[in-house]
Amino acid sequence: MDLSDYKVEGGPPSIFYVPNFISEEDETVLLAKIYQAPKPKWTVLTNRRLQNWGGLPHPRGMIAEKLPPWLKKYVDDIAELNLFNGKLPNHVLVNEYRPGQGIMPHLDGSLFHPTITTINLGSHSIINFYTPLSNVSKEVPDYKQRLRFSLMLEPRSLLVLQDECYNNYLHGIDETTKDVVSESVINSKSAHVTVGQELDRGTRVSLTIRFVPRTTKAPIRIGRN
Ligand SMILES: O=C(O)CCC(=O)C(=O)O
């Protein structure tokens with residue numbers, strides 16, 4: 001697959017959106033495996049729940065764990081795209097969002113190589129990108145004003161964000177049960193939606209596949225110097 005065929009124009013470099021990156025069958029298997037994970041594998045937050053696979057990223061290094069074969073298969077597919085400077089992706093964050101849930105605008109930060117790859121499962125979602133906050137020190141951010149562009153994410157699609165898009169733009173997902181496709185959605189054509197279209201959110205599960213450069217074999221004593 002030549003990722004350059006899937007470049008999204010109209011935003012900062014570099015964004016790639018690949019519809020139908022995985023099949024419906026693969027999606028069913030992945031969702032089944034995720035929901036078969038034992039209950040303690042889930043970290044429950046107020047507005048979503050998540051699973052970490054490959055280890056728990058930490059500033060002092062991630063204690064790397066082997067990825068299970070059902071997940072490794074897709075991590076290997078992503079590895080073939082050569083997005084991590086010759087390194088192989090080693091971490092998968094699974095996020096589950098029920099209708100009405102989302103994630104506050106944020107940057108992913110320095111624990112990761114500056115490339116995010118996300119496989120989307122279940123429901124669609126719309127991810128928004130905002131200008132960074134650094135130049136407006138004490139203001140309470142008005143995210144409506146800071147919105148620069150959005151991307152529609154269909155189930156089974158792959159999203160790749162790199163470079164300026166990773167480093168400079170905050171990304172977030174609104175806590176809503178219904179999305180209305182706006183002019184800000186820069187990939188509407190390739191994601192098969194039109195401006196004004198209303199879409200009810202279902203449960204979306206995302207697999208964020210990344211490379212954590214700093215790994216360690218020794219146990220980390222969290223909270224100690
Ligand atoms: O679910 C997504 O696509 C976004 C996840 C995300 O931004 C994160 O976990 O930091």
Estimated dipole of the stretch 33-164 in Debye, rounded to 20 [Cβ of Lys and Arg +1, of Asp and Glu -1, Cα centre]: 520
- request: Can you tell me how much longer the chain between Lys87 and Thr46 gets when fully stretched, taken as 0.36 nm per residue apart minus their C-alpha distance, in nm with one decimal?
  value: 11.4 nm
task: Specify, per residue and in Å³, the volume enclosed by the convex hull of the alpha carbon atoms belonging to the chain.
output: 143
query: If you plug each phi of the stretch 97-104 into the Karplus form 6.51 cos²θ - 1.76 cosθ + 1.60 with θ = phi - 60°, what whole-Hz ³J(HN,Hα) values come out, in order, with x for Gly and Pro?
result: 10, 7, x, x, 9, x, 9, 4
query: In terms of modelled amide H atoms, which long-range or inter-chain residues lie less than 5 Å from the amide H of His124?
result: Gly202
message: Need one number: nm distance between label points at Glu24 and Leu147, each 7 Å from Cα along Cα→Cβ, rounded to one decimal.
response: 3.2
Amide H contacts of Asn90 (H built 1.01 Å from N, under 5 Å, at least 5 apart or other chain): Arg210, Phe211, Val212
- request: Take every Cα pair under 8 Å in the chain that's 6+ residues apart, average their separations, divide by the length, and report that relative contact order as a whole percent.
  value: 31
query: Placing +1 at every Lys and Arg Cβ and -1 at every Asp and Glu Cβ, with all other atoms neutral, what dipole size does the chain have around its Cα centre, in debye to the nearest 20?
result: 1280
statement: To the nearest 20 debye, the stretch 1-65 has a Cα-centred charge dipole, built from +1 on Lys and Arg Cβ and -1 on Asp and Glu Cβ, of 660
statement: Given backbone amide H placed at 1.01 Å from N, residues whose amide H is under 5 Å from that of Asn187, ignoring those fewer than 5 places away on the same chain, are Met152
- prompt: Using θ = phi - 60° and the Karplus curve 6.51 cos²θ - 1.76 cosθ + 1.60, what whole-Hz ³J(HN,Hα) does each residue of the stretch 202-214 get, with Gly and Pro shown as x?
  reply: x, 7, 10, 10, 10, 10, 9, 10, 9, 10, 9, x, 9
- request: Pick out, in residue order, every one of the GluC sites (Glu not before Pro) in the stretch 1-92 that is DSSP loop and has at most 10 other C-beta atoms within 10 Å; say none if there are none.
  value: Glu9, Glu80
- prompt: Say the dipole of the chain comes from +1 at the beta carbon of Lys and Arg and -1 at that of Asp and Glu; which of Ser110, Ile15, Thr203 then lies farthest toward its positive end?
  reply: Ser110
query: How much net charge surrounds Ile22 when only other residues with a Cβ under 12 Å from its Cβ are counted (Lys, Arg +1; Asp, Glu -1)?
result: -4
message: Using the Cα centre of the stretch 3-216 as origin and beta-carbon charges of +1 (Lys, Arg) and -1 (Asp, Glu), tell me which of Val92, Gln51, Thr216 is placed farthest towards the positive end of the dipole.
response: Thr216
- line: With a 1.4 angstrom probe the carbon and sulfur portion of accessible area for the chain, in percent, totals 51
- request: Give a quick list of chymotrypsin sites (Phe, Trp or Tyr not before Pro) in the stretch 23-64 that DSSP marks as loop, anything other than H, G, I, E or B, with at most 16 other Cβ atoms within 10 Å.
  value: Trp42
task: Would you mind checking the pairs Lys87/Lys217; Lys72/Lys178; Lys41/Lys66 and listing those with alpha carbons more than 24 angstrom apart?
output: Lys72/Lys178
- prompt: So how far apart, in nm, are the two label points at Leu133 and Asp163 if each is 7 Å from Cα heading toward Cβ?
  reply: 2.7
field: Accessible solvent surface per residue of the stretch 3-216, calculated while the other protein chains remain in place, 1.4 angstrom probe, Å²
entry: 50
field: ³J(HN,Hα), Karplus 6.51/-1.76/1.60, whole Hz, each residue of the stretch 68-74, x for Gly, Pro
entry: x, x, 5, 9, 4, 3, 7
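The values are calculated or read from the model by the stated rules, or taken from the named source; none is laboratory data. Worth saying up front: this structure is predicted, and the values here are computed from it rather than measured. In this analysis, Cβ positions are derived from the backbone assuming ideal geometry, glycine residues included, and neighbour counts consider all displayed protein chains. Side chains are part of the model used for accessible areas, which takes the heavy atoms of the whole protein and leaves out ligands, DNA and RNA. Shrake-Rupley method; radii C 1.70, N 1.55, O 1.52, S 1.80 Å.
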